[in-house]
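Just below is one structure, and these are the notes that go with it.
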Amino acid sequence: MRALVRMSAGLIVWAIAFCLLYALHGLGCARGWATIRFGETSAHQTALIAGWLLCIGMGIGIAVWQWPARSGTLVDRTGFRLALIGVAATAITGLPIFTLPACF
Amino acid sequence: MKALKLHQELTAIWRNAPGWRGTLCSVNHSDIGKRFIVGAFAFFAIGGVLAMLIRAQLATPASAFVGPEVYNQLFTMHGSIMMFLFAIPMFEGLALYLLPKMLGARDMAYPRLSALGWWCYLFGGSILIVAMLAGVAPDAGWFLYPPLSGKQWTPGINSDVWLLGITFVEISAMCAAIEIAVSILRLRAPGMRIDRMPLFAWYLLATAAMMLFGFPPLILGSILLEIERAFGWPFYTPALGGSPLLWQHLFWLFGHPEVYIIFLPAAGAVSTILPVMARTRILAYGALVAAVMALAFLSFGLWVHHMFTTGIPHMALGFFSAASTLVAIPTAVQVFAWIGTLWSGRPQMKLPMLYLIGFFVVFVLGGLTGVMLAVVPFDQQAHDTAFVTAHLHYVLVGGFVFPMLAAAYYWLPHFTGRERVMQLGETAFWLIFVGFNLTFFMMHLTGLLGMPRRIDTYSDAMGWTWLNLLSSVGSFVMAFGFALFTIDVGLQIWLGRHHRRNPWHAGTLEWAMAIPAPAYNFASLPQVAGRDPLYDQPDLGVALARGEGWLGATRHGWRETLAVDMVTGEPDHIVILPGNSWLPIATAGVLAGFFLAMLAGLYWIAPLFLVGVGAIGWRWAWTNGAREDYGTLPAGQGVALPPSTEALGTTGWWGSVFALAASATLFASLLFGYAFLWTVAPDWPPPQLIARTVLEPSLALLGAVLAIVAVRRVGPDGRTALAVAAGGQIALILALVLLVVLRLPSPASHAYAATGAVVAAYAIFHATLAATMLAFARARIASGHIGGARLGELRIVRLWSDHAAGAGVVATLLLALPGWIA
């Protein structure tokens, strides 16, 4: 079971990132974080970017951790591939943070 | 002679009793699988007739064929039947029948659970059909959105029929998910490493995992809506802090993964059949595994794309739009792997191949319109039009029905042991293919011209008349095709000549046995050294029949198969499976009593049936196990292994892990609902919060700690520790009951209190279950079932007890916190 979880680790990070971004988005809109300035941007967008970057970092960490296994068994190789897919999916899923209005 | 003797001995152990008793008590996976398939096809036929009635109504403008009340029932029942009573049970049946045979096992991990699933499916589905015949079928659309489905707008029992009937059927889906996952992970032939598994098993493993996490939100949503309708607790009523959007979230949290839950097993069938038809091996096995895993995860990030027009902020829509387009990539990886396989092989245009080509054409078109609908501005234009209906039919018929038809023709010789009689299948294909495209391609056009879904009539002035007429003609052409398919299958079953083994020259293990398959599958289990064992060893079936593999002898009348290490496929222990039993049908019958009592509004009688289920469950668990240690037993190939009663990491333990994962998902969905209402719904914060208290939370915490600590001190003679742990669970129950009764406002007053009461009910239910299991373990120690090396049951009880304690603490904190911080 541990091997299967390790194999899915990159996608688990994507799932965490997706839930985190959606939760931060909802919470920020409900609490009015968009109206709180934080430098050049709002506290809401800052929180979202921070969460997004954190998850991308975690995904990269998983990929680095899986790097030695990239030429191992099929399960190991798949784990490494899925880690890369997880990072790419996290990056793409979070792009609307930079392009779309948050709360309307 | 040895093969014949072994066959006779194994048949005596594995066969059903004669007559009706044998039919009702059978737990054999081949029987149950075939029943699911036949049942699903029967429901498909009913759903198909409803579709023809819908098309008859829409064939001409201002039709008076049926009125709006009947029409609403027609489209609601068509959708509900096809999704819940056809698609999922059909693949469950195929999985139950094929998996043990492909994995090199003699049965699924929990034969009685398979049978329970079948009876729940049959009884639950029958409730819906009987309601339809009585004229009280659900009529609020297959996704039953409140407030339309609420008590105010649907005062009759129509919505209750859906909520209770479908929830009953979902029990079978949850049984299947646990069963499939554990069987794939543990019950394989020795040597079948996880990377040697047939791709069909990978697809089903992903599907089972998705079901474990995808179905609980819908089950929760249905429970909440039924409670709202029955008792007036306002989860979806905005005036009292509820939100209809909560239903949409819970429904589509299930509903979108559901599309992939349906597609993936069919894609597994494609990945199995296609290389055989192309006379080669599948290309890019590893990439396909990665694509399947990616789909299993990414498909959970799409649910809001069904809610693009509900007013959700743009950024949130962007997250889901991005995920919706991303999911096309792993799907495309599979399509390219299949094309590459065809390219590298020497394809034969046999009948299954013809249906696979139909799948390619239709599914790719459906996928392309899916990418269109994933883009928010387009979806906002096409939402709730016939374009969406056309898209979903292209995806589901293309992605499921065509592969299942290919699978039917591919595996029919296995089911029947017979050859085809006439060439009706080819004609059936062309009728279905042309009829389907005529029906649904036109619906893209009517949708783009603005025709809404679910309307029962339209004016000639709208300009949709000839397109609708062509759609209706196409639907009848398609129906003739399915009728011809049915006749073709019937002819093969009753008139076909006996077929030789492995007619397609396939490499997977299900063909390493006589056809139709004997009740025990393999006289002895194979040792596997590659992904296509029959290509490596073409006469494997004969060697296995002679008993030259694992477990090639009988003992004690036991139904035996092997459990292996999940990753390496090394043999681990001998699983002793239960025999035929009346327990599954009895459990389903008592459950039917519960659901019917709820439907009839007999709310005080309904819990008695649950007590009955508990009593049967006790008996069910009691019939497992042994009162003595056997030590290691010869398993063949010179290896001795312990029986499952003396092993650790048994299928029972893993089943509990997956059952608890599903239960925890339901609890997490409930917590999501609580947070969602608190942040999004109107009329929050609630007018009255829970009264501030320290007493009950302290009691709950004490009970949880007691349960967690005591259950760890339980040994083979630990009856006192078990009693203390049960005491802890009872303290937890008492604390939660007091919190709800004494401190929480009335659950009917506001969604806050209603949600809080359900959170408490979840924890109380699990603590009651844990206390019962602890009492059971105490009785098992007294009876001698637990003792010596037979400690597996204690590990399982500990799992459930820990989960109950954890859920109890979370529920208590969630209930008490608002009172403390207010």
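Criterion first (assigned to a helix (DSSP H, G or I) and away from chain A (no Cβ under 14 Å)) does B:Val182 satisfy it?
Values: assigned to a helix (DSSP H, G or I): yes; away from chain A (no Cβ under 14 Å): no.
Against the criterion (assigned to a helix (DSSP H, G or I) and away from chain A (no Cβ under 14 Å)), B:Val182 does not qualify.
Would you confirm, using the coordinates I've provided, whether B:Thr665 is modelled with pLDDT under 95, under 21 Å from the mean Cα position of the chain (by Cα) and polar (S, T, N, Q)?
Values: modelled with pLDDT under 95: no; under 21 Å from the mean Cα position of the chain (by Cα): yes; polar (S, T, N, Q): yes.
No; evaluated as a whole, the condition is false for this residue.
When the range B:675-692 is examined, which residues are found to be within 30 Å of B:Ser801 (Cβ to Cβ) and buried (at least 18 other Cβ atoms within 10 Å of the Cβ)?
B:Ile690
Considering the range B:108-136 alone, what residues qualify as being closer than 20 Å to B:Leu50 by Cα and surrounded by fewer than 24 Cβ atoms within 10 Å (Cβ to Cβ)?
B:Leu122, B:Ser126, B:Ile127, B:Ile129, B:Val130, B:Ala131, B:Met132, B:Leu133, B:Ala134, B:Gly135, B:Val136
I need a count of the residues in the range B:46-77 that are buried (at least 16 other Cβ atoms within 10 Å of the Cβ) and free of Cβ contacts under 8 Å to residues at least 12 places away in the same chain.
0
Condition check ((1) of a type in the set (A, V, I, L, M, F, W, C); (2) assigned to a helix (DSSP H, G or I); (3) more than 28 Å from B:Leu599 (Cα to Cα)) across all residues:
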site: B:Ala51; (1), (2), (3): yes, yes, no
site: B:Ile54; (1), (2), (3): yes, yes, no
site: B:His78; (1), (2), (3): no, yes, no
site: B:Leu96; (1), (2), (3): yes, yes, yes
site: B:Met102; (1), (2), (3): yes, yes, yes
site: B:Gly125; (1), (2), (3): no, yes, no
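For B:Phe231, only one of the following conditions fails: (1) of a type in the set (Phe, Trp, Tyr); (2) surrounded by fewer than 24 Cβ atoms within 10 Å (Cβ to Cβ); (3) closer than 30 Å to B:Ile576 by Cβ. What is its number?
(3)
Go through the range B:277-304 and count every residue that is at the interface with chain A (Cβ under 8 Å from one of its Cβ atoms) and either among the β-branched types (Val, Ile, Thr) or not in a helix (DSSP H, G or I) (or both).
Number satisfying all stated conditions: 1.
From the residues in the range B:305-335 that are closer than 16 Å to B:Leu246 by Cα and not in a helix (DSSP H, G or I), which one is nearest to the other protein chains (Cβ to nearest Cβ)?
B:Pro313
Among the residues of the range B:16-44, write down those that are surrounded by fewer than 16 Cβ atoms within 10 Å (Cβ to Cβ) and either aliphatic (A, V, I, L, M) or at pLDDT 95 or above (or both). Show your work before the answer.
The first filter runs over the range B:16-44 and keeps only residues surrounded by fewer than 16 Cβ atoms within 10 Å (Cβ to Cβ), leaving B:17-23, B:38, B:42.
Hits for the range B:16-44 are B:Ala17, B:Val38, B:Ala42.
Take the conditions assigned to a helix (DSSP H, G or I), within 14 Å of chain A (Cβ to nearest Cβ), under 23 Å from the mean Cα position of the chain (by Cα) and within 15 Å of B:Val292 (Cβ to Cβ) and apply them to B:Leu205. Does it pass? First the steps, then the outcome.
Values: assigned to a helix (DSSP H, G or I): yes; within 14 Å of chain A (Cβ to nearest Cβ): yes; under 23 Å from the mean Cα position of the chain (by Cα): yes; within 15 Å of B:Val292 (Cβ to Cβ): yes.
So B:Leu205 fits the description; yes.
Would you point out the residue of the range A:13-59, among those that are facing chain B (nearest Cβ under 8 Å) and closer than 21 Å to B:Ala206 by Cα, that is surrounded by the fewest Cβ atoms within 10 Å (Cβ to Cβ)?
The qualifying residue surrounded by the fewest Cβ atoms within 10 Å (Cβ to Cβ) is A:Ala15.
Considering every residue within the range B:523-534, establish whether at least one is in a loop (DSSP other than H, G, I, E, B) and more than 30 Å from A:Thr78 (Cβ to Cβ).
For the range B:523-534, residues in a loop (DSSP other than H, G, I, E, B) and more than 30 Å from A:Thr78 (Cβ to Cβ): present.
Look at B:Ala328 and say whether it is within 16 Å of B:Gly370 (Cα to Cα), surrounded by fewer than 20 Cβ atoms within 10 Å (Cβ to Cβ) and of a type in the set (Gly, Ala, Ser).
Here the answer is yes, as B:Ala328 does meet what is asked.
So which residues in the range A:15-65 are in contact with a Cys (Cβ under 6 Å, 6 or more places away or on another chain) and farther than 19 Å from B:Ser321 by Cβ, if there are any at all?
Narrowing the range A:15-65 to residues in contact with a Cys (Cβ under 6 Å, 6 or more places away or on another chain): A:17, A:29, A:34.
Within the range A:15-65, A:Ala34 is the sole residue that qualifies.
If B:Ser749 meets every condition in (1) in contact with a helix residue (DSSP H, G or I) (Cβ under 9 Å, 6 or more places away or on another chain); (2) not in a loop (DSSP other than H, G, I, E, B) apart from one, which number is that one?
It is condition (2) that B:Ser749 fails.
Which condition from (1) part of a loop (DSSP other than H, G, I, E, B); (2) closer than 29 Å to B:Pro634 by Cβ is the one that B:Gly541 breaks?
(1)
Which pairs turn up if I take residues in the range B:447-474 that are surrounded by fewer than 18 Cβ atoms within 10 Å (Cβ to Cβ) and look for partners that are of a type in the set (Ser, Thr, Tyr) and modelled with pLDDT of 95 or more with beta carbon separation below 6 Å, at least 6 apart in sequence or on another chain?
Here the result reads B:Pro452/B:Thr385; B:Arg453/B:Thr389, each pair linking the range B:447-474 to a residue that is of a type in the set (Ser, Thr, Tyr) and modelled with pLDDT of 95 or more.
Is the range B:8-31 home to any residue that is within 26 Å of the chain's Cα centre (by Cα), within 30 Å of B:His78 (Cβ to Cβ), hydrophobic (A, V, I, L, M, F, W, C) and part of a helix (DSSP H, G or I)?
No, the range B:8-31 contains no residue that is within 26 Å of the chain's Cα centre (by Cα), within 30 Å of B:His78 (Cβ to Cβ), hydrophobic (A, V, I, L, M, F, W, C) and part of a helix (DSSP H, G or I).
Name the pairs: first residue in the range B:669-684 and at the interface with another protein chain (Cβ under 9 Å from one of its Cβ atoms), second residue hydroxyl-bearing (Ser, Thr, Tyr) and part of a loop (DSSP other than H, G, I, E, B), Cβ to Cβ under 8 Å, at least 6 apart or on different chains?
Listed by first residue and then by second, the contacts come to B:Phe676/B:Ser243; B:Val680/B:Ser243.
State whether one or more residues within the range B:571-581 are within 14 Å of chain A (Cβ to nearest Cβ) and either part of a loop (DSSP other than H, G, I, E, B) or under 20 Å from B:Met192 (Cα atoms) (or both).
Checked against the condition, which is being within 14 Å of chain A (Cβ to nearest Cβ) and either part of a loop (DSSP other than H, G, I, E, B) or under 20 Å from B:Met192 (Cα atoms) (or both), the range B:571-581 yields at least one hit.
May I ask you to list pairs of residues, at least six apart or on different chains, whose Cβ atoms are under 7 Å apart, with the first in the range B:155-170 being in contact (Cβ under 8 Å) with a residue 24 or more places away in the chain and the second being among the basic types (Lys, Arg)?
From the range B:155-170, the pairs are B:Ser159/B:Arg229; B:Asp160/B:Arg229.
Check off (1) facing chain B (nearest Cβ under 10 Å); (2) buried (at least 18 other Cβ atoms within 10 Å of the Cβ); (3) not basic (Lys, Arg) for A:Met1 and give me the number that stays unchecked.
Condition not satisfied by A:Met1: (2).
Do you know which residues across the range A:60-104 are at the interface with chain B (Cβ under 9 Å from one of its Cβ atoms) and aliphatic (A, V, I, L, M)?
A:Leu74, A:Val75, A:Leu82, A:Ile85, A:Ala88, A:Ala89, A:Ile92, A:Leu95, A:Ile97, A:Leu100, A:Ala102
The values are calculated or read from the model by the stated rules, or taken from the named source; none is laboratory data. Predicted model only: the values in this text are computed from it and were never measured. All Cβ positions, glycine included, derive from the backbone under ideal geometry; neighbour counts span all protein chains shown.
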